[in-house]
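Here's the structure, in structure tokens; my notes come after.
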Amino acid sequence: MKHVLVIHYSQSGQLSEIVNNIVTPLALSEEINITHHRIEMETPYPFPWNKKKFFDVFPESFLQIPDKIKPIPSEILNQKYDLIILGHQVWYLSPSIPINSFLKSKDAKKLLNDTPVITVIGCRNMWIQAQEKVKTLLNLCNAKLVGNIALVDRHINHISVLTITHWMFTGKKSRFLGFFPKPGVSDKDIKNAANFTPLIQKALLTNNFTGLQKELIQLGAIKIKPFLVLADKRANILFSKWANLIYTKGETSATKRKKLLILFNYYLLFAIWIIAPIVFIVFLATYFLMYKKIIREKKYYSSVDTKHNQ
């Protein structure tokens, strides 16, 4: 009997649906036992978000400062798993606070130690650097990352900004203004997540995860957009400055934190609507000069490799 733990955190339910579509066919096998655990916070985060709380979690999200999570049941902690499927969201270019909090816990170190892990991401579009941070945390837990599936909103960046904002602040996965596309991962992609299951099942039952990621990529588990890789990197540099400033000043004055978060809000709007298009133009102008680097990065970020072992 193979034991699989499915652990994730989802606010809207989209990631839960993706993960369940991948896992449900596994549960049909008499040779596989599935255990589910949804990470819960001691103080839950709201959904839908209000604007104040949405921006208030920025510094701690980006700086990967953990918060208190509810204890994991002992029956889960005391079981040795043959595979762990970890579903995570991206908050401000980093793994969400709930997932980060779990991965930095003693429980995670016990569960993940010397265990194959497949990460499943459901997000707007930029997940590359968040996944790099997850890789680091998994390494610290002595986990073995053997696969990654990233399902994203396929619409162009500025349209997805509008639609995801509508979803986050209303809680409704509906068409913004009645004519924009629905936000988030498409219903088709969510449904088709089950297409990855046979590959995962084969690797699990044969206890051979070598080459699994390459097979998942061939089925479309990863789609790398070079411009978003660049944008993600640049944004991480700028977010680092903002997050450290807000967090440091906020420790001494709640008023300063509030004012800086308001400034960050305006900066974010400027970055999305003014800076990002300029960066895209520069990217296009230098594409052929950077072509070899782009190909190398595309190969690396599609993989489950970490930079230190390349």
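Read-outs throughout are calculated quantities, based only on the coordinates presented, and are distinct from any laboratory measurement. Predicted model, so just to flag it, every value in this text is computed and none were measured. As a convention, Cβ positions derive from the backbone with ideal geometry for all residues, glycine included, and neighbour counts pool all protein chains shown.
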Completion exercise
Taking a crude spin-label model, label points 7 Å out from Cα along the C-beta direction, the LEU238 to ARG154 distance in nm is 2.9 nm
Fill in the blank from the handout: Expressed as a whole-number percentage, the relative contact order of the chain with C-alpha contacts under 8 angstrom and at least six residues apart is 19 percent
Exercise for the section: Round to a whole angstrom and tell me the spacing of the C-alpha centers of the stretch 239-264 and the stretch 211-235. Expected result: 32 Å
Completion exercise
Given a Förster distance of 30 Å, the FRET efficiency implied by the Cβ-Cβ spacing of LYS258 and VAL279, rounded to the nearest 0.05, works out to 0.55
Fill in the blank from the handout: LYS70 and ARG296 label points (each 7 Å along its Cα→Cβ direction) are spaced in nm at 4.7 nm
Exercise for the section: Work out, step by step, the length gained on full extension between LYS223 and HIS37: first 0.36 nm times the residue separation, then minus their alpha carbon distance; give nm to one decimal. Expected result: 64.2 nm
Exercise for the section: Mind pulling the angle between the C-alpha long axis of helix 291-302 and the longest principal axis of the chain? Nearest 10 degrees, somewhere in 0 to 90. Expected result: 50 degrees
Handout entry: HN-Hα J in Hz across the stretch 185-201 - Karplus 6.51, -1.76, 1.60, θ = phi - 60°, x for Gly and Pro
Key = 5, 5, 4, 5, 5, 5, 5, 6, 4, 5, 5, 7, 4, x, 5, 5, 4
Fill in the blank from the handout: Here the longest stretch of the chain that holds no GluC sites (Glu not before Pro) in a DSSP loop having at most 11 other beta carbon atoms within 10 Å is 43-310
Fill in the blank from the handout: A student applying the Cα gyration tensor rule (rounded when a/c is under 1.5; otherwise prolate if a/b is larger than b/c, oblate if not) would label the stretch 226-310 oblate
Fill in the blank from the handout: Under the Karplus relation with 6.51, -1.76 and 1.60 and θ = phi - 60°, whole-Hz ³J(HN,Hα) for the stretch 15-30, x at Gly and Pro, equal 5, 4, 5, 4, 4, 5, 5, 6, 8, 3, x, 5, 5, 6, 7, 6
Practice task
Provide the percentage of antiparallel DSSP beta bridges, counting only those with both residues in the chain; round to the nearest 5.
Solution key: 10 percent
Handout entry: Long pairs among LYS70/LYS241; LYS133/LYS256; LYS53/LYS256; LYS52/LYS172; LYS109/LYS241; LYS109/LYS307, criterion Cα-Cα beyond 25 Å
Key = LYS70/LYS241; LYS133/LYS256; LYS109/LYS241
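How much length is gained if the chain between ASN195 and LEU177 is pulled fully straight, taking 0.36 nm per residue apart and subtracting their Cα-Cα distance, in nm to one decimal?
Values: separation 18, 0.36 × 18 = 6.48 nm, distance 3.30 nm.
Length gained, ASN195 through LEU177: 3.2 nm.
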Fill in the blank from the handout: Under a Gaussian network model of the chain whose springs join Cα atoms within less than 10 Å, the largest fluctuation of LEU138, LEU26, LEU177 belongs to LEU177
Completion exercise
For the chain, longest principal axis from Cα atoms; helix 254-270 axis from its Cα atoms; angle between them, nearest 10 degrees, is 90 degrees
Exercise for the section: Take the chain, connect every pair of alpha-carbon atoms lying under 10 Å apart with a spring to form a Gaussian network, then pick out the residue of ILE118, ILE246, ILE76 with the largest mean-square fluctuation. Expected result: ILE76
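Could you work out the Rg to Rh ratio of the chain, with Rh taken as the Kirkwood radius (inverse of the mean 1/r over all Cα pairs)?
0.96
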